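Read the figures in this text as sums done on the coordinates, not as results from a lab. Note that the coordinates shown come from a computational prediction; the quantities given were computed from them, not determined experimentally. Ideal geometry is used to build each Cβ from the backbone, glycine not excepted, and the neighbour counts take in all protein chains shown.
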Amino acid sequence: MVASRAAREKKAAAQAGPLARLRIDLDDDQQFVYKISCTECVAKGHRRWSAYRPGEDNGFMAAMDRWVFHLTEKHPDHDAPCLAFLAEAQQRLHERRGQ
Ligand SMILES: [Zn+2]
């Protein structure tokens, strides 16, 4: 369990890119909780930005979608592997709004 969490954390952090600080916690039900915060927004003293989403793959996707939007809105000059998912993230946002 711990090893798999560490492996997921490492993989997710690589996708999120160097600006993200990514952590996976366990909640009371031993479910993964994904937490992404923005190191640059923290460093500049802006209101701390973070996404916090419970769940395994669903939680990962929801947190990463929010991170992708944060990067494109606030840090358009930065590149990160997760930006490859921008179109998918927009599609999911669109579907959620349509519900
Ligand atoms: Zn930021």
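The longest stretch of the chain left intact once loop-based trypsin sites (Lys or Arg not before Pro) with at most 14 other Cβ atoms within 10 Å are removed from consideration, loops following DSSP, is 49-99.
Test of understanding: ordering H70, H75 by Cβ neighbours within 10 Å, fewest first, what list do you get?
H75, H70
Between beta-carbons, use under 10 Å as the cut-off and find the net charge around D65, counting Lys and Arg +1, Asp and Glu -1. With Lys, Arg at +1 and Asp, Glu at -1, the net is +3.
Shape class of the chain from the alpha-carbon gyration tensor: oblate, with a/c at 1.5 or above and b/c at least as large as a/b.
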